[in-house]
Amino acid sequence: METSTLDLFKGIITHTGLWGAIISTLVVTMLGFLLYKFKVVNDISIQSIQKVIITTLLPFLAFYSFLQNAGKEDVKTFGVVFGLSAIYYFLLTTIALIWVKYTPNMIPKKVLDNAEKEILNTQIKQQTILFDKQNYIESIQKKHLVNWLMCIYGSNILFATPIIMALYPSGPHLGSLNVWNILYYIGGFGFSFSLLSGVKFTKKEFGFTIKKAVLNPSFIAVIVALTLWATQYIPGAGSKIYDLSSPEIKEVEIVNDSNGVIKDYYVMNKKATFGPNFSTLFGETKNNITEWFRYDNIKKLYVPYNKKPTGWFDLSVTMPYLYKPISILAMLVSPLIWIVIGTSLAKSNIKEVFSKWNNWIFLIYKMILIPFFILLLVIPFVYIKTLDYKIAALLVMTGSVPPGTTIVIYSQHFKVHDKYTAQVSSLSTIMSFIFIPMWLSIGTVILSLVK
């Protein structure tokens with residue numbers, strides 16, 4: 001391997017992006033906890049915040065995630081990653097639906113009798129209604145459902161993205177993550193919304209279910225953004241580098257070794273799209289290294305451009321004035337969700353987050369079994385050399401991130417075991433600083449031996 005396992009582990013465990021995400025989650029969640037305890041916010045205001053998140057901010061987050069270049073040289077890699085994501089999401093989601101439908105019906109009669117006795121004892125004291133077996137089974141089904149959804153759809157954007165950007169600032173690695181996330185957005189934003197909102201998939205209600213999923217603002221944002229992102233594969237819409245048949249001499253302003261600004265003339269032998277505000281870039285290639293320049297309209301000459309040519313949908317470059325408000329709204333999602341989670345925790349005993357054994361069982365499912373499944377999934381493709389082992393290791397790592405924020409917020413909004421999801425989400429976030437670097441290291445070691 002190019003980097004030893006120990007060095008890789010040290011690099012990840014000391015990465016400020018990872019620690020920043022974990023500490024930020026804890027701090028903002030605690031803020032939400034305190035805001036509710038001190039009655040700065042109440043249930044009505046929290047419901048309003050949830051509505052803003054679901055109807056407005058989540059669509060911006062979905063759209064924002066595709067605002068990047070579509071590199072043509074990585075089409076094969078992206079194709080393999082998309083195929084693997086299809087296997088992962090379709091297979092696990094299918095298993096989840098079958099599990100949720102049939103497993104609760106196999107509950108032993110003794111368990112139901114014990115549950116009935118326990119509930120009846122409570123209800124007699126409170127003078128409430130009798131034990132309802134069907135409601136009890138439906139509650140278990142919802143518990144299984146939300147468990148599966150939280151396991152399948154992880155918080156890749158918040159936790160995996162900063163690590164990948166730190167370890168691999170260039171190359172197809174970050175693009176592979178976004179391709180892996182395509183079906184995540186469709187399932188995590190649209191399909192999960194329908195499941196947790198209570199719409200049933202029957203023949204009679206199938207049309208209504210599809211309509212509800214398709215009209216979900218986040219689902220619409222995913223489809224629109226994905227379509228626009230894909231247009232970069234159309235000739236002229238993506239980044240492209242041309243060799244100039246006749247080199248052009250351009251006046252350039254550069255900083256010399258003495259930190260002085262001087263003007264010089266460069267012989268440009270390459271031309272490319274796109275630079276800032278859709279500008280054309282010119283480059284000078286020496287010793288197989290290309291230095292890019294962009295035209296400065298104020299200085300009326302060319303200046304060095306430290307980035308690479310990109311596609312039109314990389315709005316941070318081509319339309320920064322539009323990218324900025326989109327990114328601001330997208331970044332609001334996480335802190336607001338953490339505040340909502342904090343208020344949910346404030347309604348219960350905080351000790352239960354660590355003391356309840358069910359929460360730790362979920363941790364085993366989410367941060368041990370899921371990444372192990374992805375590891376088994378990618379091994380054959382690394383072995384036949386259709387997938388780089390480093391990218392495969394990153395996919396394994398995505399299995400160990402905490403539950404996706406969309407699933408948690410849907411659970412909070414529709415009151416589907418919202419107390420439980422808040423607890424396991426917080427516990428998973430706290431423990432992620434151990435499991436994320438652990439699985440990245442394990443995946444790298446094993447897959448480097450397989451390749």
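The values are calculated or read from the model by the stated rules, or taken from the named source; none is laboratory data. Since the structure is predicted, the reported quantities are computational estimates derived from the model, not experimental observations. Backbone-built Cβ (ideal geometry, glycine too); neighbour counts: all protein chains shown. Remember, those area values only see protein heavy atoms, side chains included, never the ligands or the DNA or RNA. Shrake-Rupley method; radii C 1.70, N 1.55, O 1.52, S 1.80 Å.
Data overview
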quantity	calculated
Residue list for the range 336-376, given a label point 7 angstrom along the Cα-to-Cβ vector of residue 386 and an amide N cut-off under 19 Å	374-376
Square roots of 5 times each gyration tensor eigenvalue, C-alpha, the range 245-354, largest first, Å	47, 16, 14
Amide H within-cut-off set for residue 319, under 5 Å, with H built and near neighbours excluded	277
Net charge of neighbours whose Cβ lies under 12 Å from the Cβ of residue 358, counting Lys and Arg as +1 and Asp and Glu as -1	+2
Relative pair counts by distance (%), Cα atoms of the range 209-308, 10 Å bins	13, 34, 23, 14, 10, 5, 1
Residue-by-residue Karplus 3J(HN,Hα) for the range 236-242, coefficients 6.51, -1.76, 1.60, Hz, glycine and proline x	x, 9, x, 6, 8, 10, 10
Rh by Kirkwood over Cα pairs, then Stokes-Einstein D for the range 404-451 at 1.306 mPa s and 10 °C, µm²/s	126
Accessible heavy-atom area order of 398, 227, highest first, probe of 1.4 Å	227, 398
Sites residue 349 and residue 271, calculated FRET efficiency, Cβ-Cβ separation with R0 45 Å, nearest 0.05	0.10
Protection proxy ranking, peptides 176-187, 54-65, average beta carbon neighbours within 10 Å, highest first	176-187, 54-65
Ranked packing of 338-347, 261-270, most packed first, by mean Cβ within 10 Å	338-347, 261-270
P(r), alpha carbons of the range 343-451 - 10 Å bins starting at zero, rounded %	15, 38, 26, 15, 5, 0
